[in-house]
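One structure is given below, encoded as structure tokens.
Where a number appears in this text, it was derived from the coordinates with a stated rule and is not lab data. Treat the numbers as computed from the prediction; the structure is a model and nothing was measured. Backbone-built Cβ (ideal geometry, glycine too); neighbour counts: all protein chains shown.
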Amino acid sequence: MSLRTFILGLSASFGVAWLAIVVVPFIKMRNLAPIEFSEATDGSTGIFFPKRTGRIADGAQVYAENGCYLCHTQVVRPTYAGNDLYRSDWGGLKADPDRGDTRRETNAYDFFGEKFAQIGVSRMGPDLSNLGRRVETEYAAGGGPEQWLFSHLYDPRQDPQRWKSTCPPHKFLFEERKVTGSPSDAAMPFGKHGDTELVPSSEAKALVSYLLSLKKDQAVPAVLNFAPAKSKTAP
Ligand code: HEC
């Protein structure tokens, strides 16, 4: 084999993969036109547009800066590519009191308005696409959803069920300060030692708003709804 064929072959093998995995999806997904709900199939009107503004957007930045995406994905894969939809509450809630089974696959439109689609690099920890839903319905008992997330961020092993957790503690997102006068309303119940208290920084608050906003199971227009279990029962 001549050097010329070798170089051409090499460029072709990597070039085709690059085209198929990077260039084609980029061109297809960079300018998504909004999808409308149709009265006939969805029973509602308007466009599908998830809310991502203000503190939620700041929190996405904190999520990126701390490398959460290195261990956490935000993609519920189609059933042909994995069993994500069947893992407990990854794809939504199996029994939502109002909407019943809300589980569905993630689609490109779920990332509307996000600066980066933080789909993740590897899956060391659970998928966070619908973390907001899980925290509100399952983990919030006791202190409420924000408190649960603050406690997890400060030190995941505070939860007796997660004593082996390898999710890194992010204690630097909290400030330990001396109480002078009356204690702060924002102080963490778990951080009281003597006359010091622990308060979350603005980054921690933004991150928690972002994490609670992770609910990629909103109703989608029928054209986007790929949840296999539901399409069978649809009229
Ligand atoms: C080194 C890999 C790693 C990094 C980086 C990481 N996590 Fe985790 N995370 C895990 C693992 C493993 C678990 C599962 C164990 C547990 O529940 O604590 C987890 C669990 C969680 C959970 C609980 C999810 C559930 O439904 O039970 C949340 C919330 C979470 N991580 C948030 C974060 C946030 C926010 C960041 C960034 C600030 C982050 N993680 C960074 C590995 C990581």
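What to note about this one:
- Cα shape, segment 1-93, gyration tensor, a/c 1.5 rule: prolate
- In a DSSP loop and with at most 11 other Cβ atoms within 10 Å, the trypsin sites (Lys or Arg not before Pro) in segment 127-195 are LYS164.
- Overall shape: prolate for segment 80-194, with the ratio a/c of the largest to smallest alpha carbon gyration tensor axis at 1.5 or above and a/b above b/c.
- Pair SER201, ILE7: separation of 7 Å Cα→Cβ label points (nm): 5.0 nm
- For the chain, the tally of Lys pairs with Cα-Cα distances below 20 Å comes to 19, considering only residues 8 or more apart or on different chains.
- Cα gyration tensor shape for the chain, rounded if a/c is under 1.5, else prolate or oblate: oblate
- Relative contact order of the chain, pairs being alpha-carbon contacts under 8 Å that are 6 or more residues apart, as %: 23 percent
- With both labels modelled 7 Å from their Cα along Cα-to-Cβ, the ARG157 to ALA33 distance reads 5.5 nm.
- Candidates SER122, SER184, SER209, ranked by Gaussian network fluctuation over the chain, Cα under 10 Å, top entry: SER184
- Spacing of the two label points (7 Å from each Cα toward its C-beta) at THR166 and TYR86, in nm: 2.5 nm
- Per-pair calculated FRET efficiency, R0 = 30 Å: GLU65 and ALA140 via Cβ, rounded to 0.05: 0.70
- Rg(Cα) / (2.2 N^0.38 Å) computed for segment 71-112, rounded to two decimals: 1.19
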